[in-house]
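The values are calculated or read from the model by the stated rules, or taken from the named source; none is laboratory data. Every value quoted in this text rests on a predicted model; they were computed, and no experiment measured them. Glycine also receives a Cβ, built like all others from the backbone with ideal geometry; neighbour counts cover every protein chain displayed.
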Amino acid sequence: MSKFEIILKEWQVAAAQLAENPWVKRLEKGDLKLCHYKGYLQETYHHAGVNPQIQAYTTMFFKNNPRNTIRKFYKHAISEIGHDLLALNDLVALGENKEMILATEPLPITLAYNSFVLNLVQFHNPVSYLGYLFHLEFLPTQNGPKYIHQLEKLGVPKEALTFLEEHATVDVAHNKLMEEYVEELISTERDLQDVIWAAKSSVPIHSHMISDAFENGERIYGGTKNLKAG
């Protein structure tokens, strides 16, 4: 079994835990309202906005200056720039005020998720970043189409699903990049275990972020009059 296959298998076992998230269960049952989706989009806007910078920053810590891999990392990071604006525009498409969203602050768990990966890069093992990235790239391609279908059943229009649609399709190509990153950056058993740990640890942190986002959406958007569904 290749290093990539080992990571994928370990991550898939951990990612199955997401199905136990009460909010994910509600989504799959069609029991969510538009206010919850809005909360998710707001936190996604905050989380995705710094991911390209984090990916580029990580290359500062790679050993032996692997230029070809760094070049791929930068191209990858550039392709992610502006994805936060997809989430922002989805919220605007749902009738929310752009300036009000821009004035919001990320929830503590969102900051914690970003801080988690920065801590790994600076103080643990920079190659651990691959585990964090692995989770973010594979989750949308594995679950995205299913969740998009559920949201459409709730009445969410296509023009408000651009963030999820983008990642359910474009991340397929990024999945292939992950195979290259694994081969080029993981050189020891310690590296491999650190990447697996980061990938598996991302699951509960991201799960908490999703839960807090839905709860925050209920608080902020639950009483608005411009809901188009739910």
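Below, the figures for the structure above:
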read-out: Residue 96 charged (D, E, K, R) and either in contact with a helix residue (DSSP H, G or I) (Cβ under 6 Å, 6 or more places away or on another chain) or buried (at least 21 other Cβ atoms within 10 Å of the Cβ) (or both); value: no
read-out: Condition met for residue 182 (at pLDDT 95 or above, closer than 21 Å to residue 112 by Cβ and either in contact with a strand residue (DSSP E or B) (Cβ under 8 Å, 6 or more places away or on another chain) or β-branched (Val, Ile, Thr) (or both)); value: no
read-out: From 34, 139, 91, residue being in contact with a Lys or Arg (Cβ under 7 Å, 6 or more places away or on another chain) and modelled with pLDDT under 95; value: 34
read-out: Pairs with Cβ under 7 Å, 6+ apart, first in segment 26-46 and closer than 15 Å to residue 100 by Cα, second of a type in the set (Val, Ile, Thr) and assigned to a loop (DSSP other than H, G, I, E, B); value: 42/104
read-out: Options 108, 145, 126, 140; residue that is over 19 Å from residue 205 (Cβ atoms) and of a type outside the set (Asp, Glu); value: 145
read-out: Any hit, segment 129-142, residues being without any contact (Cβ under 8 Å) to a residue 12 or more places away in the chain, part of a helix (DSSP H, G or I) and at negative phi; value: no
read-out: Selection count, segment 57-68, where residues are part of a helix (DSSP H, G or I) and surrounded by fewer than 17 Cβ atoms within 10 Å (Cβ to Cβ); value: 4
read-out: For residue 68: the one exception among (1) touching a residue at least 60 places away in the same chain (Cβ under 8 Å); (2) touching an Asp or Glu at 6+ places or on another chain (Cβ under 6 Å); value: (2)
read-out: Flag if residue 198 is of a type in the set (Gly, Ala, Ser), under 24 Å from residue 70 (Cβ atoms) and at pLDDT 95 or above; value: yes
read-out: Where residue 175 falls short, out of the listed (1) at pLDDT below 95; (2) under 16 Å from residue 115 (Cα atoms); value: (2)
